[in-house]
Amino acid sequence: MKKIKVNLQPIVSKINMPTVLKTAILPGDSIERLFIATQVGEIFYIGDGVIRTFVDIRPRILKIGASRGGYDERGLVGLAFHPDFYYNGLFYLHYSVAGTQGPGAIPGAPFESFKPNPCDPDTLNLKWTNRETNYDHIDTVEEWVLQSYGQPQRRRTLLNLRRPFLNHNGVNSLNFSPETGKLVLTTGDGGSGFDPFNLSQNPMEIAGKIIEIDIGRDTFIYNPPVVTRFNELPVPIQETLTVIARGVRNIPGISYERVYNRYIKYVGNVGQDLVESIFSFVHYKPIPVTQLIQASFVNSEFDHEGLINLGWRGWEGAFPTTLIKSCAGSPTLDEKTIAYYNEAVETSVKRLQPLISYFHKDSRPDKFGGTALTGVQVYKGNSIPGLTGSVVFTDLARDEGVHPPVRGVLAYTRGQTDCKSNDFRVIETDYNFGSESAYYVSLGTNLDQTRLYLGVYGSMKVADFNQGTVFEITP
């Protein structure tokens, strides 16, 4: 793969954490606009070089960043525009709801504290009990409409989801499939570390899945109950849902590439301690939720053939999920132990192999040590030589054991029509951030995938306000 260098052209700066970057054409408009959703609940768009507010839902969003040192993964995490937004004004939001703060699924325990112990079977088989009281917060997925007089208004709620921990709620979690026309929701495994309740592989759990929602079907239920499992949903809502994939840890969106008469789907799965991964697939067999529930009701194994399985929690990308311990006799070395051996064996032949994996430690001269995958997008433009037809991705922060300022990473790989494994290469960026840190927190593209946008933040703390910049990636 070629060595590629790009510029970063600032579009807007001094904004809050930019979690989602999307483009759309407003009803009655003629120009495609860049929309920027911030984690705290503002959605802006750029028009004629001026930033304008599209909708501000900050009062609806849970107070975030107030504890745990200011780090938080809740807030506004999903925005998608209906394919016919220009005509019908419909768009969709996924966010953490104000006033729903709970004690967590394991009350009194920090969200990041859990680690399995292969020598203690009790830690490998934890159950999420008393869910009505032991949860962290509630997420909602809503349908909104842009009124003819220019004011957005909430139309209905599609899902209300009780979440066990504050993290892994999805990032850029809502997208429309150009293949099916349905709304695609990526949920994340519920958080903590190592998926303590194994929600991602349990077919009845909503957590840890990629779900298609048929928003064309009116359920006549405009405020559904708060749930964690599919079988807790009213039947009319169950009938709108199909499951594409399980074994999800946390996905920063899904990107579609049209190749002749089919679509290649690209999804990233954020790693635990060792590996970040990008998966690709063409064919899949969505499983209706009603079919999953029926199989559960008669206690039979559902037909999983054709259902995508990313392998978590038994697999972290290309590796069996691993616990890392320091070697007492040699501080520069690590001891690595398979955390869930039985699950790694069970899912070894069922799981999808990643298109690429990149590692938190990588000594190769043309690679980097990663932290967390934050965006995956297909680039179909011609303005950046050598990048056409590539899959571009971002990592939050290069991990090289250096002191601040921190720098994110931009890289690319070639999509494979046969979806076999591939390598990647770092994209060099010609921009001087000076003494400020630059975490790469989001990646977006325009409607025809010919332009790329990068969201950068100066802090990992969402409560450190107004440290965000959105760039266009240019030749």
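Inspect all residues belonging to the stretch 8-23 and state whether any of them is small (Gly, Ala, Ser) and touching a residue at least 60 places away in the same chain (Cβ under 8 Å).
Yes, that holds for at least one residue.
Scan the stretch 360-372 residue by residue and report those that are among the hydrophobic types (A, V, I, L, M, F, W, C) and either modelled with pLDDT under 95 or more than 24 Å from the chain's Cα centre (by Cα) (or both). Don't jump to the end; show me each part of the working.
Pass one, the stretch 360-372, residues among the hydrophobic types (A, V, I, L, M, F, W, C): 368, 372.
If the condition is that a residue be among the hydrophobic types (A, V, I, L, M, F, W, C) and either modelled with pLDDT under 95 or more than 24 Å from the chain's Cα centre (by Cα) (or both), then PHE368 is the only one that fits.
Of all residues in the stretch 80-109, how many are open to solvent by less than 30 Å² (accessible area, probe 1.4 Å) and of a type in the set (Val, Ile, Thr)?
1
For the stretch 110-133, check the following and say yes or no: at least one residue is surrounded by fewer than 20 Cβ atoms within 10 Å (Cβ to Cβ) and under 21 Å from the mean Cα position of the chain (by Cα).
Taking every residue of the stretch 110-133 in turn, at least one turns out to be surrounded by fewer than 20 Cβ atoms within 10 Å (Cβ to Cβ) and under 21 Å from the mean Cα position of the chain (by Cα).
Say whether the condition of being of a type in the set (Lys, Arg) and part of a loop (DSSP other than H, G, I, E, B) is met by at least one residue in the stretch 210-228.
Yes; the residues of the stretch 210-228 include at least one that is of a type in the set (Lys, Arg) and part of a loop (DSSP other than H, G, I, E, B).
Looking only at the stretch 194-204, which residues are more than 11 Å from ASN250 (Cβ to Cβ) and open to solvent by less than 10 Å² (accessible area, probe 1.4 Å)?
PHE194, PRO196, LEU199
Are there strands (runs of 3 or more DSSP E) fully within the stretch 341-401 with at least 1 residues that are under 15 Å from VAL426 (Cα atoms), of a type outside the set (Lys, Arg) and in contact with a His (Cβ under 7 Å, 6 or more places away or on another chain)? List them.
By residue number, no strands (runs of 3 or more DSSP E) qualify.
Only one residue in GLY375, GLY381, GLY389 is within 25 Å of THR450 (Cα to Cα), under 25 Å from the mean Cα position of the chain (by Cα) and open to solvent by 10 Å² or more (accessible area, probe 1.4 Å), so which one is that?
Result: GLY389 is the single residue among GLY375, GLY381, GLY389 that is within 25 Å of THR450 (Cα to Cα), under 25 Å from the mean Cα position of the chain (by Cα) and open to solvent by 10 Å² or more (accessible area, probe 1.4 Å).
Can you name the strands (runs of 3 or more DSSP E) wholly within the stretch 1-79 that have at least 2 residues being over 27 Å from GLY389 (Cβ atoms), open to solvent by less than 10 Å² (accessible area, probe 1.4 Å) and at pLDDT 95 or above?
32-38
If you go through the stretch 80-121 one residue at a time, how many are part of a strand (DSSP E or B) and either over 23 Å from PRO252 (Cα atoms) or aromatic (Phe, Trp, Tyr) (or both)? Please lay out each step first, then the result.
Step one: filter the stretch 80-121 for residues part of a strand (DSSP E or B), giving 80-81, 90-97.
Subsequent filtering for residues that are either over 23 Å from PRO252 (Cα atoms) or aromatic (Phe, Trp, Tyr) (or both) retains 81, 91-92, 95.
Final tally of qualifying residues: 4.
Run LYS336 past the list (1) open to solvent by 50 Å² or more (accessible area, probe 1.4 Å); (2) not in a strand (DSSP E or B) and report the number of the one that doesn't hold.
(2)
Rundown of residues vs (1) modelled with pLDDT under 95; (2) open to solvent by 10 Å² or more (accessible area, probe 1.4 Å); (3) farther than 28 Å from PRO196 by Cβ, yes/no style:
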position: LEU241; (1), (2), (3): no, no, no
position: VAL248; (1), (2), (3): no, no, no
position: VAL259; (1), (2), (3): yes, yes, yes
position: TYR266; (1), (2), (3): no, no, yes
position: THR290; (1), (2), (3): no, yes, yes
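Given the criterion part of a loop (DSSP other than H, G, I, E, B), under 25 Å from SER390 (Cα atoms) and β-branched (Val, Ile, Thr), identify the matching residue among ILE251, ILE244, ILE264, ILE278.
So the residue among ILE251, ILE244, ILE264, ILE278 that is part of a loop (DSSP other than H, G, I, E, B), under 25 Å from SER390 (Cα atoms) and β-branched (Val, Ile, Thr) is ILE251.
Could you tell me whether the stretch 411-421 includes any residue that is in contact (Cβ under 8 Å) with a residue 24 or more places away in the chain, farther than 20 Å from SER277 by Cβ and of a type in the set (D, E, K, R)?
There is no residue in the stretch 411-421 that is in contact (Cβ under 8 Å) with a residue 24 or more places away in the chain, farther than 20 Å from SER277 by Cβ and of a type in the set (D, E, K, R).
Among the numbered conditions (1) open to solvent by 40 Å² or more (accessible area, probe 1.4 Å); (2) among the hydroxyl-bearing types (Ser, Thr, Tyr); (3) touching a residue at least 24 places away in the same chain (Cβ under 8 Å); (4) more than 23 Å from GLY191 (Cα to Cα), tell me where SER326 comes up short.
(3)
Kindly provide the set of residues from the stretch 296-323 that are under 13 Å from ASN202 (Cα atoms), of a type in the set (Gly, Ala, Ser) and open to solvent by 10 Å² or more (accessible area, probe 1.4 Å), ordered by number.
SER296
Residue check, PRO178 against (1) open to solvent by less than 20 Å² (accessible area, probe 1.4 Å); (2) part of a loop (DSSP other than H, G, I, E, B); (3) within 30 Å of THR450 (Cα to Cα), all met but one. Which one?
(1)
Which residues, counting only those in the stretch 348-358, are open to solvent by 10 Å² or more (accessible area, probe 1.4 Å), under 15 Å from GLU316 (Cβ atoms) and touching a strand residue (DSSP E or B) at 6+ places or on another chain (Cβ under 6 Å)?
Passing the criteria: ARG351, LEU352, SER357.
Hey, can you tell me all the residues within the stretch 281-327 that are over 23 Å from the mean Cα position of the chain (by Cα) and either under 20 Å from ASP214 (Cα atoms) or not in a loop (DSSP other than H, G, I, E, B) (or both)?
If the condition is that a residue be over 23 Å from the mean Cα position of the chain (by Cα) and either under 20 Å from ASP214 (Cα atoms) or not in a loop (DSSP other than H, G, I, E, B) (or both), then THR290, GLN291, LEU292, ILE293, GLN294, ALA295, SER296, PHE297, LEU323, ILE324, LYS325, SER326 are the ones that fit.
Considering each of ILE210, ILE221 in turn, give the residue that is within 17 Å of the chain's Cα centre (by Cα) and either surrounded by fewer than 20 Cβ atoms within 10 Å (Cβ to Cβ) or modelled with pLDDT of 95 or more (or both).
Sole residue among the options that is within 17 Å of the chain's Cα centre (by Cα) and either surrounded by fewer than 20 Cβ atoms within 10 Å (Cβ to Cβ) or modelled with pLDDT of 95 or more (or both): ILE210.
From the list GLY271, GLY317, which one is under 20 Å from ASN198 (Cα atoms), modelled with pLDDT under 95 and in contact with a strand residue (DSSP E or B) (Cβ under 7 Å, 6 or more places away or on another chain)?
GLY317
Here are some residues: THR469, THR450. Which one is open to solvent by 20 Å² or more (accessible area, probe 1.4 Å) and over 21 Å from the mean Cα position of the chain (by Cα)?
THR450
The values are calculated or read from the model by the stated rules, or taken from the named source; none is laboratory data. What you see is a predicted model, and the numbers here were worked out from it, not measured in a lab. Positions of Cβ are generated from backbone atoms using ideal geometry, with glycine treated the same way; all protein chains shown enter the neighbour counts. Heads up: the accessible areas ignore ligands, DNA and RNA and are worked out on the full protein's heavy atoms, side chains in. Shrake-Rupley method; radii C 1.70, N 1.55, O 1.52, S 1.80 Å.
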